[in-house]
Amino acid sequence: MNPEINNEIRFVFLERIDDFEEVMKRMKNDLFIKNLDQKIRVFMCNINVESPNKRITIDTSEGTHVLNVSDILYCEADVNYTYVHTIKSGKITSSKTLKTYENLLLENDFYRVHQSYLVNLEHVKKYTKGKLAYLILSNGSRVKVSLSNKAGFLKKLKNVD
């Protein structure tokens, strides 16, 4: 290994993952880069793995609830309030809007099926077709699906792992 190389600090800024592959090809003989390559590949694999215990906090008038995301069945809008329906804690009232929770939970297999409902796709047990389409969740709750969100919802539902 070249001693000069060990003393250098190197920065590589990449805009796309394809750029990473190109940099690695050009520097394939450098041991430092080979080790970095291995560490980055492990990191890239792990970054897409969601923690099964991902948690969020919900502020209420009584205090702050800490919930596992997987325990949330759905969120229901009521003007500027949101009711967060959970498996263990029942219904929790929050003064944040449904849009706030949509932004927080979108990456966790939640989908806005209606102007008033954000649903955890892990808890969807049945989709019922019809003019007034609705979902049946794991606890037996029924949630409306709007006509405008139906196609996107069905596409997303078919892609859930």
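Site pair Glu107 and Lys131 shows an inter-label distance of 4.2 nm when each label is modelled 7 Å from Cα along Cα→Cβ. Counting neighbouring Cβ atoms within 10 Å and putting the fewest first, the residues Leu118, Leu157, Leu73 line up as Leu157, Leu73, Leu118.
In this simple spin-label approximation, Glu122 and Lys54 carry label points 7 Å from Cα along the Cα→Cβ vector, and these lie 0.9 nm apart. For Lys96, the amide hydrogen comes within under 5 Å of the amide hydrogens of Thr82, counting only partners 5 or more places away or on other chains and with H modelled in the peptide plane.
Distance between the pseudo-spin-label points of Ser61 and Gln115 (7 Å out from Cα toward the beta carbon): 2.6 nm. Ordering Glu102, Glu76 by the number of other Cβ atoms within 10 Å of each residue's own Cβ, fewest first, gives Glu102, Glu76.
Cβ crowding within 10 Å, taken as a proxy for footprinting-reagent exposure, orders Leu121, Leu106 from fewest neighbours to most as Leu106, Leu121.
Its relative contact order, with pairs defined as Cα atoms under 8 Å and 6+ residues apart, puts segment 77-161 at 20 percent. Computed extension gain for Ser138 through Lys88, at 0.36 nm per residue and net of the alpha carbon distance, reaches 16.7 nm.
Every number here is computed from the coordinates shown, using simple stated rules; none is lab data. What you see is a predicted model; the values in this text were computed from it and never measured. We place every Cβ from the backbone using ideal geometry, glycine too, and count neighbours over all the protein chains shown.
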